[in-house]
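Taking it in order: structure first as structure tokens, then the write-up.
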Amino acid sequence: MEAFVIEGGHPLKGVIHPQGAKNEALEVICAALLTTEEVVIKNIPDILDVNNLIQLLKDVGVTVKQLSRNTYSFKADNINLDYLESDEFVKKCAALRGSVLMIGPLLGRFHKAVITKPGGDKIGRRRLDTHFLGFKQLGADFVHDPSRNVYSINAKHLRGNYMLLDEASITGTANIIMAAVLAEGVTTIYNAACEPYIQQLCKLLNSMGARISGIASNLLTIQGVPSLHGATHTILPDMIEVGSFIGLAAMIGDGITIKNVSVENLGIIPDTFKRMGIKIQIKGDDLYIPKQEHYEIESFIDGTIMTLSDSPWPGLTPDLLSVLLVVASQAQGSVLIHQKMFESRLFFVDKLIDMGAQIILCDPHRAVVVGHDRKRNLRSGNMSSPDIRAGIALLIAALCAEGTSRISNISQIDRGYEDIERRLNDLGAKITRVKG
């Protein structure tokens, strides 16, 4: 197991480029399973979750060629359907959250798929009911094998249908879309997720010959087609990484430019940081975050304490609440962080409290942060990363703290952030990757 050793207190300055969006990459890579023709995807992030998914596609028979570090071609013209039933495949899926996105395209093209509970972050229950209910609406049946804890999903025919999703699940929406594009007739999905990741997936599928309308809304209409063909697609910059870098620049930056962020796809993220008092300058498609001597959290119009909570797009993504919580620890003022979706995502705050942050964990979903206004620095410490987003939040805290910190279990950070120590060290950080 590897760890980061971080020497805190060094101001960061310069230019940083965000990687390709992790969540979009997982979706569009799986979309390559829908055709026998070559699909070329650019700006794929070189991170653990994505690399493991690419390897899993190779295992099932997809021909994968790496054209450059971040560009791959995928050709799914020789899928080994027997391997999909194997214990080896099931075991690999159980270790990789992104594997769930293979179900929709496999069901759409081959009318069969196998699923077990996928792995990933330890941030609470992530149910798959939305996926299953959508597949059933298209005509699929489920058979549970309790000895292997595996569900076999089969459909003689997939037929379009109207469905109102029980929640605006991003992966659920993506999976249902990928199953529906090859179904007979028209599928209407209401309460669909409409994040940029979903928009990008729909744009790729349309370029492959699908007929999807309503993109960017929560009402999608899909006219099924007999087959799809190849296409080329470029992944957006990762808005979660952009937000992470805004938080980093606010706490320890001495003037940082985040390049080519796709401002139009950041949604409410910049405004949320501005509500924390952080100054952000938009220069074309770049963000410049000047040195923040102080930043003061706004109050609501009636003077009550600011509350930041997650909600489906175009609301605030839950993936940034961990970073916002750390940033608030050095602000002037107080804020309530309300994490609605996952019941374990705030449990890393005990580590921040040990570092000197003033945080009250109200319950698994809410934490009140009382900012230090930079009058007391965070202390260094030894900690472990429980999930991707808590990991980057702890890394930001350690960079801001006095002394040397150590973060173990950094494979969690590697799952979502490409070559993070090199990129931050280029800005002036002192981060060393060590064994054990």
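The values are calculated or read from the model by the stated rules, or taken from the named source; none is laboratory data. Because the structure is predicted, anything quoted here is derived from the model rather than measured. Positions of Cβ are backbone-derived with ideal geometry, glycine not excepted, and every protein chain shown enters the neighbour counts. For accessibility, only protein heavy atoms count, side chains too; no ligands or nucleic acids. Shrake-Rupley method; radii C 1.70, N 1.55, O 1.52, S 1.80 Å.
What the table shows:
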| read-out | value |
| --- | --- |
| Relative contact order of the range 1-132, pairs being alpha-carbon contacts under 8 Å that are 6 or more residues apart, as % | 22 percent |
| Whole-Å distance, taken between Cα centres, linking the range 310-353 and the range 227-281 | 17 Å |
| Length-normalised contact order for the chain - Cα pairs under 8 Å, 6+ apart - percent | 21 percent |
| Considering only the chain, percent of DSSP beta bridges that pair antiparallel, nearest 5 | 70 percent |
| Cleavage-rule hits, GluC sites (Glu not before Pro), the range 335-436, DSSP coil, Cβ neighbours within 10 Å at most 14 | E343 |
| Label-to-label distance, nm, for residues given as C362 and R379 (7 Å Cα→Cβ offset) | 2.8 nm |
| Dipole in debye (nearest 20) - the range 1-72, about Cα centre, beta carbon charges: Lys, Arg +1; Asp, Glu -1 | 220 debye |
| Cross-link pairs beyond the 22 Å C-alpha cut-off, checked among K259/K375; K22/K156; K75/K203; K13/K435; K291/K430 | K259/K375; K22/K156; K13/K435 |
| Projected-area mean, the range 70-189, by convex hull of Cα positions, square nanometres | 8.6 nm² |
| Accessible area of L427 in the full protein assembly, 1.4 Å probe (Å², nearest 10) | 10 Å² |
| Gain upon complete extension [S227, D354; 0.36 nm per residue less C-alpha separation] | 40.1 nm |
| Candidates per trypsin sites (Lys or Arg not before Pro) in the range 269-327, loop by DSSP, up to 16 other Cβ within 10 Å | K279, K291 |
| Per DSSP, loop trypsin sites (Lys or Arg not before Pro) in the range 156-228 with at most 12 further Cβ within 10 Å | K156 |
| Computed lengthening from F300 to A94, 0.36 nm per intervening residue step minus Cα-Cα distance | 69.8 nm |
| The range 268-422 - charge dipole about Cα centre, Lys and Arg +1 at Cβ, Asp and Glu -1, debye rounded to 20 | 300 debye |
| Estimated FRET transfer efficiency (H157, E402; beta-carbon r; R0 56 Å; 0.05) | 0.30 |
| Relative contact order computed over the range 386-436 (Cα-Cα under 8 Å; 6+ residues apart), in percent | 37 percent |
| Surface accessible to a 1.4 Å probe, per residue, for the residues of the chain, Å² | 39 Å² |
| Global geometry of the chain, whether rounded, prolate or oblate, following the gyration tensor of its Cα atoms and the 1.5 cut on a/c | prolate |
| Helix-only [θ]222 nm of the chain, DSSP H runs n ≥ 4, -39500 (n - 2.57) each, per residue, nearest 500 | -8500 deg cm²/dmol |
| Of all accessible heavy-atom area on the chain, the percent that carbon and sulfur account for (1.4 Å) | 49 percent |
| Net lengthening on full extension, N409/S311 (0.36 nm per residue, minus Cα-Cα) | 32.4 nm |
| Paramagnetic label zone (point 7 Å from Cα along Cα-to-C-beta, T432; backbone N under 20 Å) in the range 394-408 | 395-408 |
